[in-house]
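*Asks:* Dropping a structure here in structure tokens format, bear with me for questions.
The values are calculated or read from the model by the stated rules, or taken from the named source; none is laboratory data. This is a predicted model, so every value here is computed, not measured. Glycine gets a Cβ as well: all are built from the backbone with ideal geometry, and neighbour counts include every protein chain shown. Areas reflect the complete protein model, heavy atoms only, side chains present, ligands, DNA and RNA absent. Shrake-Rupley method; radii C 1.70, N 1.55, O 1.52, S 1.80 Å.
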Amino acid sequence: MSGESSIILVTGGSGLVGQAIKTLIEQEKQEGKNETWIFCGSKDGDLRDKQQTEALFEKHRPTHVIHLAAMVGGLFHNMAHNLDFFRENMAINDNVLAACHSRSVRKVVSCLSTCIFPDNTTYPIDETMVHNGPPHSSNYGYSYAKRMIDVLNRGYHEQHGRTFTSVIPCNVFGPRDNYSLQSSHVIPALVRRMDDAMRNGDATFTVLGSGKPLRQFIYSLDLAKLFLWVLRSYDSVEPIILSVDESDEVTISAVAEAIKEAYGYQGTLVYDTSKADGQYKKTASNRKLRSLYKDFTFTPFEEAIRDTVKWFRENREIART
Ligand code: NAP
Ligand code: GFB
């Protein structure tokens, strides 16, 4: 970003990823940087509503936008609400990008997900494969809405020369996640439920599904660093995958064991195979990232899990449960 002053609006700034970026910005010495950062949640404006979106942009007049706001949830929430995920995210994305265009925002970085790629695919998945076939049936609503961000970015670039780009994170976890029983992703769900089990002295702990599916997980504070790098140094409209290495892929069982270890839980893990597994794998390549940001180091998974469990145990009363 050039030396002139910048106003960076982070939509979805009250969420897991937004709060990680906020933590990083507060740690960075802002001296000498002409940057004003604004982190918004739905209380600052419901971005499904065009007028409220316009009002938010009129109020803040951003020069740059990190667009995170979305209806977000884990496997089971997606399976039960595919229509809502599609309609809400389509509305949010069209309103935000239209406002960015009408206000000549210099750069927008939006957020896709590795779960939106075609389910029937070759591995590892890379950035060229976003539209190569239908997504997994469990989250087609969210997936198609997210893919339309890429379509909008190309359109705004071709017709209006806009620098609207997107990143494609793998599964994200960390402090200040969504720990609700209804809509959470696997790691916050297990973290919250194991805290319950510890408090109740439960002899067994149920992991949903078989535990066999494979996932790549990125710590939210690592993703935040990559978001700042994309904002300041990546200017292609083409999406870029922000994921740990393929070799860092873990089973859901390994995730549950790591959380058990972090809590020191002495009970037995049992698997409820009557519950869905979702996608078996969505192994993504971070080769493009590694070619552009050569020396990036990810926080080791077990360390990030320990930090996440520690945060939740110390902050449960303020966590989104
Ligand atoms: P999150 O914790 O659920 O936060 C979602 C954010 O969006 C919150 O700030 C929320 O505001 C805001 N929001 C939701 N609906 C809104 C609306 N109608 N108007 C205005 N704001 C609204 O989600 P997250 O995990 O940080 O996700 C951030 C981005 O990363 C999303 O685009 C998501 O698709 C993407 N992503 C997440 C993961 C993951 O594993 N978590 C993986 C890949 C990509 P309130 O707090 O006020 O509700
Ligand atoms: O994070 P998650 O809900 O979503 O992980 P996905 C689901 C996997 O974890 C399945 C197992 O294999 C579940 O059987 N699992 C075990 C649990 N226990 C639990 C639990 O208590 N809660 C949950 N939620 N899962 C999502 C997409 O896929 O990935 C979203 O549906 C989003 O759209 C997200 O993009 C990043 O990783 O399967």
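*Asks:* Starting from the stretch 242-288, pick out the chymotrypsin sites (Phe, Trp or Tyr not before Pro) whose DSSP state is loop and whose Cβ has at most 15 other Cβ atoms within 10 Å.
*Replies:* Counting only loop positions with at most 15 other Cβ atoms within 10 Å, the chymotrypsin sites (Phe, Trp or Tyr not before Pro) in the stretch 242-288 are Tyr280.
*Asks:* With θ taken as phi - 60° and the coefficients 6.51, -1.76 and 1.60, list the Karplus ³J(HN,Hα) couplings across the stretch 130-146 in order, rounded to whole Hz; mark glycine and proline as x.
*Replies:* 3, 10, 7, x, x, x, 4, 4, 5, 9, 5, x, 4, 5, 5, 5, 5
*Asks:* May I pose another question? Which value in deg cm²/dmol, rounded to the nearest 500, describes the helix-derived mean residue ellipticity at 222 nm for the chain, given -39,500 (n - 2.57) per DSSP H run of n ≥ 4 and division by the residue count?
*Replies:* Computed mean residue ellipticity for the chain: -13000 deg cm²/dmol.
*Asks:* What figure in square angstrom, to the nearest 10, would you give for the accessible area of Leu75 with a 1.4 Å probe?
*Replies:* Result for Leu75: roughly 50 Å² accessible.
*Asks:* Please list, in chain and number order, the residues 5+ apart from Ser166 or on another chain whose amide H is under 5 Å from its amide H, with Hs placed from the backbone.
*Replies:* Here Ser110, Ile240 satisfy the definition.
*Asks:* Name the aspartates and glutamates eligible as straight-distance cross-link partners of Lys281: C-alpha to C-alpha under 17 Å, and not fewer than 8 places from it in the same chain.
*Replies:* Counting by Cα, and skipping residues close in sequence, Lys281 has these aspartates and glutamates nearby: Asp119, Asp126, Glu127, Asp245, Glu246, Asp248, Glu249.
*Asks:* Just need the Rg to Rh number for the stretch 190-291, please, alpha carbons only, Kirkwood Rh.
*Replies:* 1.09
*Asks:* Then there is this: Give the long-range amide H neighbours of Lys107: residues separated by 5 or more places, or on another chain, with amide H under 5 Å away, using H modelled in the peptide plane at 1.01 Å from N.
*Replies:* Val65
*Asks:* Provide the gained length on full extension for the span Arg290 to Arg87, in nm with one decimal, where the gain is 0.36 nm per separating residue minus the Cα-Cα distance.
*Replies:* 69.6 nm
*Asks:* Of all alpha-carbon pairs in the stretch 10-155, indicate the percentage at a distance above 22 angstrom.
*Replies:* Details: 4611 of 10585 pairs.
Here the long-distance tail beyond 22 Å is 44 percent of all Cα pairs in the stretch 10-155.
*Asks:* Just to check I understand the Karplus step: with θ = phi - 60° and J = 6.51 cos²θ - 1.76 cosθ + 1.60, what whole-Hz values come out for the stretch 259-265, glycine and proline as x?
*Replies:* Each residue of the stretch 259-265 in turn: 6, 4, 4, 5, 7, x, 6 Hz.
*Asks:* Another question, then. What's the angle, to the nearest 10 degrees (0 to 90), between helix 301-315's Cα axis and the longest principal axis of the chain?
*Replies:* The angle comes out at about 90 degrees.
*Asks:* Then there is this: Beyond a 32 Å Cα-Cα separation, which of these cross-linked pairs lie in this structure: Lys43/Lys294; Lys107/Lys288; Lys225/Lys260; Lys107/Lys294; Lys225/Lys275? Intermediate values should be presented prior to the final figure.
*Replies:* On the way: Lys43/Lys294 39 Å; Lys107/Lys288 20 Å; Lys225/Lys260 28 Å; Lys107/Lys294 23 Å; Lys225/Lys275 35 Å.
Flagged as over cut-off: Lys43/Lys294; Lys225/Lys275.
*Asks:* In percent, how large is the relative contact order of the stretch 173-263, given Cα pairs closer than 8 Å and 6 or more residues apart?
*Replies:* Values: 63 pairs, mean separation 33.5, N = 91.
The normalised contact order for the stretch 173-263 reaches 37 percent.
*Asks:* Another question about this same structure. Among the DSSP beta bridges whose two residues both lie in the chain, what percent are antiparallel, rounded to the nearest 5? Before the final figure, lay out each step's value.
*Replies:* Working: 2 of 32 bridges.
Close to 5 percent.
*Asks:* While we're on this one: Just check the stretch 144-248 against the gyration tensor rule for me: Cα atoms, a ≥ b ≥ c as the square roots of the eigenvalues, rounded for a/c under 1.5, and otherwise prolate or oblate depending on whether a/b exceeds b/c.
*Replies:* prolate
*Asks:* Give me the base-10 log of I(q)/I(0) for the chain at each q in 0.07, 0.08, 0.10, 0.11 Å⁻¹, Debye formula, one uniform scatterer per Cα, rounded to two decimals.
*Replies:* Result of the Debye calculation: -0.27, -0.35, -0.56, -0.68.
*Asks:* Related question: Using 0.36 nm per residue of separation minus the Cα-Cα distance, give me the extension gain between Arg232 and Asp277 in nm, one decimal.
*Replies:* Working: separation 45, 0.36 × 45 = 16.20 nm, distance 3.77 nm.
Going from the current span to full extension adds 12.4 nm.
*Asks:* Tell me, what does the Kirkwood hydrodynamic radius of the stretch 273-321 come to in angstroms if you use every pair of distinct C-alpha atoms?
*Replies:* 14.7 Å
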